[in-house]
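Bear in mind that the values in this text are calculations on the coordinates, not laboratory data. The shown structure was predicted, so the numbers you read here are calculated from the model rather than taken from an experiment. Neighbour counts run over all protein chains shown; Cβ positions are idealised from the backbone, glycine included.
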Amino acid sequence: MLNLNNTTMTKEKTMMMVLAIAGYGIAFAQLPKDGKSDKKVASHTFEATFTKWVTKAPQMAGVVGGDVGVGTYSGEILKMNTVGDITKIEALYKFNGGIHTFTAHVYVTENDAPGVGTATITGRVEEGWMKGATVTGEYKVWATCPIPTPGNGDGNKCYQGTLHIPKGDGNWGINKLGFTSAPS
């Protein structure tokens, strides 16, 4: 038995060690036996960041980061319709990150009203990492991109944003909306 009165270890240090060991135990208890992340853990959302630009319509290029790792972006506009300041876009977004790659089929609503320049994104991962997961996101339109945009067909204009990919309820967040056309 450890006699705390006869050692240099104080009660406070002992308590800190006990709490630290308990914390490690709780953390390791959350991991599966192989030590890798558990695919069935609910309520985690991955973030895939991007900066993209139109090269030669309908093609897009760019860079990615976040949970996919640093890499490249390519995309293709499938449909586009503008009414007033609102543009509805259907597109394929391809993330080729250093950690993960995937292709998402997305539906974008872009608001180009003066002083706004933002968009919302919904869709589904069609290929690669997190296949079947729903995606949501947003981007900001930059008239002058803050990074170099080689091959930019629109001068210096670019779009910076994030796709949010929730890790679902054991089925990887399968899209229950069943997109067959752009959502309203």
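With the highest mean first, a sort of the peptides 54-64, 100-110 on other beta-carbon atoms found within 10 angstrom per residue produces 100-110, 54-64.
Packing order of peptides 78-86, 91-99, 148-156, highest average first: 91-99, 148-156, 78-86 (average count of other Cβ atoms within 10 Å over each peptide's residues).
One chain, two ends: ASP112 and ILE147. Fully extended at 0.36 nm per residue, the span grows by 10.5 nm beyond their Cα-Cα distance.
Remark: for residue pairs LYS88/LYS140; LYS56/LYS140; LYS88/LYS167; LYS52/LYS88, the C-alpha separation exceeds 24 Å in LYS88/LYS167.
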